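Asks: Sending over a structure as structure tokens; questions will come in a sec.
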Amino acid sequence: MEQVLLLHSSTDGQTIKILDYIKRELGQDCECTLQDLNCLPEIEWQKYDRVLIGAAVRYGHLSKKLYQFIEKNLQALEQYKVAFFCVNLTARKEGKNTPETSAYMKKFLLKSPWCPSLQAVFAGALRYPRYNLFDRTMIQLIMRITGGETDTSKEVEYTDWAAVARFTTTFKQF
């Protein structure tokens with residue numbers, strides 16, 4: 001049975017939800033382990049046939065812990081089969097939802113010493129009622145500027161699950 005490590009750097013849980021979906025799509029042929037990358041875990045890389053890292057963008061940035069993890073594990077990231085995806089609300093717009101067109105992926109690739117050979121970008125979810133007052137106000141302002149949903153009573157999931165399924169198929173063959 002194939003061993004797969006799913007690492008997440010999630011803020012509000014949508015990245016974990018995407019990884020859970022991928023885990024189900026991988027099926028019974030894979031034994032998946034889900035870990036929080038923000039805890040900077042020690043990874044026994046040789047135990048895994050492939051690894052997938054999912055990271056959320058918040059206020060235009062990926063977690064500093066993600067970059068620390070990359071610095072600490074750069075040799076392994078380059079040696080093993082490791083794929084990467086980022087989750088952000090900008091990806092809800094056509095033309096901003098691929099690694100080639102995502103400003104956040106471009107920024108990641110400039111900042112990171114690691115260039116994953118398999119990459120994806122997925123839209124996240126907007127969960128106004130779950131945010132604290134500061135986050136709700138700031139995210140509403142950002143959404144107003146970018147032409148998004150501003151009704152703070154709403155929760156909107158923008159994730160394109162068909163795109164996640166297509167990526168999962170590619171990841172299986174990676």
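The values are calculated or read from the model by the stated rules, or taken from the named source; none is laboratory data. Worth saying up front: this structure is predicted, and the values here are computed from it rather than measured. Ideal geometry is used to build each Cβ from the backbone, glycine not excepted, and the neighbour counts take in all protein chains shown. For accessibility, only protein heavy atoms count, side chains too; no ligands or nucleic acids. Shrake-Rupley method; radii C 1.70, N 1.55, O 1.52, S 1.80 Å.
Asks: Among the candidates Phe174, Phe167, which residue alone is open to solvent by less than 30 Å² (accessible area, probe 1.4 Å) and under 30 Å from Gly27 (Cβ atoms)?
Replies: Phe167
Asks: Within the range 99-107, can one find any residue that is in contact with a helix residue (DSSP H, G or I) (Cβ under 9 Å, 6 or more places away or on another chain), of a type in the set (Gly, Ala, Ser), under 30 Å from Met1 (Cα atoms) and open to solvent by 10 Å² or more (accessible area, probe 1.4 Å)?
Replies: The answer is no, given that none of the residues of the range 99-107 is in contact with a helix residue (DSSP H, G or I) (Cβ under 9 Å, 6 or more places away or on another chain), of a type in the set (Gly, Ala, Ser), under 30 Å from Met1 (Cα atoms) and open to solvent by 10 Å² or more (accessible area, probe 1.4 Å).
Asks: Continuing with the same structure: Whether any residue in the range 136-156 is surrounded by 16 or more Cβ atoms within 10 Å (Cβ to Cβ), among the small types (Gly, Ala, Ser) and under 19 Å from the mean Cα position of the chain (by Cα) is what I want to check.
Replies: There is no residue in the range 136-156 that is surrounded by 16 or more Cβ atoms within 10 Å (Cβ to Cβ), among the small types (Gly, Ala, Ser) and under 19 Å from the mean Cα position of the chain (by Cα).
Asks: Count, please, the residues in the range 9-58 that happen to be under 17 Å from the mean Cα position of the chain (by Cα) and either open to solvent by 20 Å² or more (accessible area, probe 1.4 Å) or free of Cβ contacts under 8 Å to residues at least 40 places away in the same chain (or both).
Replies: 23
Asks: Checking Glu100 against (1) over 18 Å from Trp161 (Cβ atoms); (2) out of contact with any strand residue (DSSP E or B) (no Cβ under 6 Å at 6 or more places or on another chain); (3) in contact (Cβ under 8 Å) with a residue 12 or more places away in the chain, only one condition comes out false. Which one?
Replies: (3)
Asks: Quick one: in the range 108-143, which of the residues that are among the β-branched types (Val, Ile, Thr) and in contact with a strand residue (DSSP E or B) (Cβ under 8 Å, 6 or more places away or on another chain) is nearest to Leu52 (Cα to Cα)?
Replies: If we take residues in the range 108-143 being among the β-branched types (Val, Ile, Thr) and in contact with a strand residue (DSSP E or B) (Cβ under 8 Å, 6 or more places away or on another chain), then Val121 is nearest to Leu52 (Cα to Cα).
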